[in-house]
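In what follows, a single structure is set out as structure tokens and then discussed.
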Amino acid sequence: MTGASGRRQGPGRPPRVGLPVGIGVGASAGGPRALLSLLGGLELPRSALAFLVQHIHPRFTGVLGRRLNEASALPVVEAEDGATALPGRVYMAPAGRHLIVERSWPCLYRMRLTDQPARYGVRPSVDDLFISLAAAFGPRAIGVVLTGMGRDGVEGAQAIKAQGGTILAEAESTCIVYGMPRALAEAGLADRMVPIGEMAQAIREAAMAAAGLQRHAVAPGRG
């Protein structure tokens with residue numbers, strides 16, 4: 001049997017899955033437009049788990065979730081307390097609750113929704129998500145900060161970097177509000193500043209490297 005690379009594969013040999021990778025995406029003001037652009041082209045390794053925090057009023061959470069789900073290459077679903085995270089989808093924090101991820105078994109990760117105090121006046125918080133990913137995935141945690149006001153994400157990025165993980169931030173050239181990404185850049189925490197049109201590729205490359213894969217082994221889309 002010949003694979004897409006032209007090399008012969010053993011009969012029935014499954015593709016490499018890779019090591020577990022945790023990806024957190026955070027956004028605030030201007031986030032919905034950035035997320036629509038990002039998620040439409042996002043492909044991930046089969047071992048990657050993806051989570052999303054968007055600062056938004058509870059009244060608009062359902063509408064945004066439906067819009068993102070319709071535009072995304074991967075299903076976007078609302079995170080549920082106690083549920084096991086699965087690859088091949090993007091879990092969105094519900095408005096008004098922090099989303100954290102805990103390692104419950106060597107390769108199993110459970111989501112928790114908490115009512116802990118708001119950070120920087122917001123809940124869910126990018127910091128809470130990133131800090132939990134740093135603890136659960138260590139050097140295989142990837143934090144992505146998109147357009148938005150304030151400093152949410154800085155403390156979480158510090159936690160990810162302390163574990164050897166990767167931080168990507170949206171470039172000023174495409175940000176509607178260059179606040180959260182700027183805070184990361186000024187703190188020296190961003191490994192790359194990436195225009196939103198190139199962010200899906202940057203995330204995929206970082207995830208492939210973190211998973212220890214040399215070739216694409218991406219999660220299947222909806223088709």
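The values are calculated or read from the model by the stated rules, or taken from the named source; none is laboratory data. What you see is a predicted model, and the numbers here were worked out from it, not measured in a lab. Reconstructed Cβ throughout: ideal geometry from the backbone, glycine too, with neighbour counts over all protein chains shown.
Checking the conditions here, which among Glu205, Glu172, Glu198, Glu186 is touching a Phe, Trp or Tyr at 6+ places or on another chain (Cβ under 8 Å), surrounded by fewer than 21 Cβ atoms within 10 Å (Cβ to Cβ) and at pLDDT 95 or above?
None of the other options fit; the residue is Glu172.
With Pro139, Pro124 as the choices, which residue is outside any loop (DSSP other than H, G, I, E, B), within 15 Å of the chain's Cα centre (by Cα) and either touching a residue at least 40 places away in the same chain (Cβ under 8 Å) or under 27 Å from Arg59 (Cα atoms) (or both)?
Being outside any loop (DSSP other than H, G, I, E, B), within 15 Å of the chain's Cα centre (by Cα) and either touching a residue at least 40 places away in the same chain (Cβ under 8 Å) or under 27 Å from Arg59 (Cα atoms) (or both) holds for just one of Pro139, Pro124, which is Pro139.
Given the conditions (1) closer than 19 Å to Met193 by Cα; (2) without any contact (Cβ under 8 Å) to a residue 40 or more places away in the chain; (3) charged (D, E, K, R), report the number of the one that Asp152 does not fulfil.
(2)
Please specify each residue of region 151-174 satisfying the condition of being out of contact with any helix residue (DSSP H, G or I) (no Cβ under 6 Å at 6 or more places or on another chain) and not polar (S, T, N, Q).
Within region 151-174, Lys161, Ala162, Ala171, Glu172 meet the criteria.
Filter region 60-109 for residues that are among the β-branched types (Val, Ile, Thr) and in contact with a helix residue (DSSP H, G or I) (Cβ under 7 Å, 6 or more places away or on another chain); which is farthest from Val17 (Cα to Cα)?
Across region 60-109, the extreme among qualifying residues is Ile100.
State yes or no: is Phe60 aromatic (Phe, Trp, Tyr), under 17 Å from the mean Cα position of the chain (by Cα) and assigned to a helix (DSSP H, G or I)?
no
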